[in-house]
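Report on one structure; see the data block that follows.
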Amino acid sequence: MTTSSLELPPAAARSAAAPGAAAAHATWRDHTKSGPPRRRGFLDWSLLYLFSFDVELDLERQETLGRFPDGARINLYSRQDLSRVYNVGRESTVPGDGRPAISGKIKWGGDQAVLREDDIGSCNIRVSIQTDDRAVIHMTYRLFGYLGPGGVERVLSGKGGDRFGTEDHPFDVPIVTSPRFQTTDLKYAWINDLQGIGFGRLQVIRNRFRRNTQDIYALT
C-alpha cells in the first residue's frame, strides 16, 4: 500500500492533526461577535501631588490677531513678577515620594488661544518654570474651557460691563489639563517621565483673561 492511498481530504486532515481546532475556531469566532469580557472593577491608578501654580496674565500684552476659520486667535503672556509655583503644604519634598518639592517662579509663559464660535476656548500653553534653586523646567499642555453663553463675543468686544467677572467675583472657567515636563537638571529629571494632570480655574475679570491657577498631579 502506498502512502498516497492513506492521504485524507484537506478538511479531514486538519481535524485529525488538531482535534481541538474546530472548537478553538468557534470560540474565537464567538469572541469577535460579543467582544472581550467586560471589567467588573475600576482600573488601578492614583494621583501624586507635584505642585501648584498661579499665573497672572499681562493685560498690556494680550494680542488679538483677528478672526480665522477655526475661531478668533489671541496670544496671552504671563507676568513674571506675579506668577508663582509652590507647594500648598509648604513641604520640602513631594508628599509620600521623598523627591524634592518644586517651587519657584514662572520665568516665561505664553498661550496661543483660539476662541470658537460655540463659546469654547482652546489653548496651547507653554511655561518655563525656574525653581528656587535655579533649575529650569519646561511645561506644555493644551486645554479646552467653556466660556458660557456669549462668552467669546464678550471677550472679543470688551462689552458687558461688570457682568462677566469682577475683581471680587471673577468668572471661573473650570479646566482639566494634561501637562508634560522637560528638564536637563539631574535633580528634577524624574519629572520627565511623568504624565501630569491638572485641575484648575481660568479666571475672567471684566471680560478679560486675568488668571490661571492649577494644582498639578502625576498619574501613577
Original post:
Within the set of pairs 6+ apart or on separate chains, which have a first residue in the range 86-102 that is among the charged types (D, E, K, R), a second that is outside any loop (DSSP other than H, G, I, E, B), and C-beta atoms under 6 Å apart?
Top reply: 99/190
Original post:
How many residues are without any contact (Cβ under 8 Å) to a residue 60 or more places away in the chain and of a type in the set (Phe, Trp, Tyr) when one looks only at the range 180-220?
Top reply: 2
Subject >> Members of the range 58-108 that are of a type in the set (S, T, N, Q), surrounded by 13 or more Cβ atoms within 10 Å (Cβ to Cβ) and assigned to a loop (DSSP other than H, G, I, E, B) >> reply: 62, 83, 87, 103
**OP:** Within the range 69-97, track down each residue that is touching a Phe, Trp or Tyr at 6+ places or on another chain (Cβ under 9 Å) and of a type in the set (Ser, Thr, Tyr).
**Re:** 77, 78, 83, 86
Subject >> Residue in the range 109-149 that is surrounded by the fewest Cβ atoms within 10 Å (Cβ to Cβ), counting only those that are farther than 30 Å from residue 68 by Cα and touching a residue at least 40 places away in the same chain (Cβ under 8 Å) >> reply: 133
Original post:
Take the residues of the range 166-201 that are assigned to a strand (DSSP E or B) and in contact with a helix residue (DSSP H, G or I) (Cβ under 7 Å, 6 or more places away or on another chain): which is farthest from residue 135 (Cα to Cα)?
Top reply: 181
**OP:** Quick one: in the range 171-189, of everything that is of a type in the set (A, V, I, L, M, F, W, C) and closer than 15 Å to residue 217 by Cβ, which residue is modelled with the highest pLDDT?
**Re:** 181
Subject >> Hits in the range 185-210 (condition: under 22 Å from residue 104 (Cα atoms), among the β-branched types (Val, Ile, Thr) and in contact with a Lys or Arg (Cβ under 9 Å, 6 or more places away or on another chain)) >> reply: 191
Subject >> Output for the range 95-127, where each listed residue is of a type in the set (A, V, I, L, M, F, W, C), modelled with pLDDT of 90 or more and touching a Cys at 6+ places or on another chain (Cβ under 9 Å) >> reply: 114
Original post:
Is there any pair linking a residue in the range 57-78 that is under 16 Å from residue 120 (Cα atoms) to one that is hydrophobic (A, V, I, L, M, F, W, C), with Cβ under 6 Å and at least six apart or on different chains, and which?
Top reply: 70/114; 71/114; 71/115; 72/115; 72/156; 73/65; 73/114; 74/113
**OP:** Could you tell me whether any residue of the range 154-167 is among the polar types (S, T, N, Q), surrounded by fewer than 20 Cβ atoms within 10 Å (Cβ to Cβ) and closer than 26 Å to residue 193 by Cα?
**Re:** no
Original post:
Does the range 202-218 contain at least one residue that is modelled with pLDDT of 85 or more, in contact with a Phe, Trp or Tyr (Cβ under 6 Å, 6 or more places away or on another chain), in a loop (DSSP other than H, G, I, E, B) and closer than 18 Å to residue 85 by Cα?
Top reply: no
**OP:** Among the residues of the range 109-133, count how many are assigned to a strand (DSSP E or B) and either among the aromatic types (Phe, Trp, Tyr) or more than 20 Å from residue 180 (Cα to Cα) (or both).
**Re:** 4
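The values are calculated or read from the model by the stated rules, or taken from the named source; none is laboratory data. This one's a predicted model, so the numbers in the text were calculated from it and none came from an experiment. Glycine gets a Cβ as well: all are built from the backbone with ideal geometry, and neighbour counts include every protein chain shown.
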